[in-house]
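The values are calculated or read from the model by the stated rules, or taken from the named source; none is laboratory data. All values reported here derive from a predicted model rather than from experimental measurement. The protein model used for the area step is the full one, side chains on, heavy atoms only, and it has no ligands, DNA or RNA in it. Shrake-Rupley method; radii C 1.70, N 1.55, O 1.52, S 1.80 Å.
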Amino acid sequence: MQRSHAWIAALAVGCAPSAVHAATLTIDVRDAAGQPLPNSVVLIDSPNKPAGAMRSAGSYQMAQQNIMFAPHILIVPVGASVTFPNRDRVRHHVYSFSAAKKFNLKLYGKDETRSVVFDKPGVVSLGCNIHDAMNAFIFVVDTPFAMTTDAQGRVTIPNVPAGTVTVRVWNPVIRASGNMLSQNLAVPAAGLSTTYTIRNK
């Protein structure tokens with residue numbers, strides 16, 4: 001099933017009642033000109049998400065390499081510990097002033113590593129106090145259904161509980177609070193392919 005949605009900043013549309021079947025949800029995110037928006041973060045919130053689905057186990061890393069953060073966008077569950085290895089020959093001072101996590105990793109050099117536990121959901125914007133051009137984002141999520149769009153602006157998320165879910169999309173081009181839009185969506189048990197077009201005003 002293919003649907004298309006036009007999204008104007010902060011618009012939300014209600015949908016059908018929830019069910020319990022798992023479905024596959026494919027979402028294309030596009031700009032007002034119809035071009036794909038890669039590296040958008042798509043999150044699906046469902047009242048029927050599996051119990052215990054979010055675990056902080058695993059290895060999460062935000063490296064400093066070639067005077068850049070790698071990856072540019074990192075999605076982690078609430079409670080995750082993220083390491084910050086320095087692979088450059090210069091020192092870095094990594095920080096965030098974001099509401100979801102404020103921290104300072106003061107100057108440290110090549111092959112040194114620091115770590116931070118991210119204990120609240122939200123978007124954490126990263127910077128380097130030495131290199132102003134360095135920036136990245138850590139998305140701390142309390143849903144197991146979270147991905148970034150590929151070069152075609154697409155994500156395919158399996159095992160989404162059918163019924164009413166909330167789709168949240170983040171991208172820096174979105175002129176809304178937190179660069180994020182939220183909209184309800186009815187997901188049938190057979191699954192759904194849909195397109196969201198971001199039309200800022």
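Within the range 114-201, what whole-number % of the accessible surface is contributed by carbon and sulfur, with the 1.4 Å probe and all protein chains included in the calculation?
Taking all protein chains in place, the range 114-201 shows 48 percent carbon and sulfur surface.
First compute the accessible area of the range 54-98 with a 1.4 Å probe, then give the percent of it belonging to carbon and sulfur atoms.
Of the solvent-accessible surface of the range 54-98, carbon and sulfur hold 51 percent.
Under the classification rounded if a/c is under 1.5, otherwise prolate if a/b is larger than b/c and oblate if not, where does the range 30-146 fall, given a ≥ b ≥ c as square roots of the Cα gyration tensor eigenvalues?
Taking the square roots of the gyration eigenvalues as a ≥ b ≥ c, the range 30-146 is oblate.
Roll a 1.4 Å probe over the protein chains and send me the accessible area per residue for the chain in Å².
Numbers: 9820 Å² over 201 residues.
In whole numbers, the chain has 49 Å² accessible per residue.
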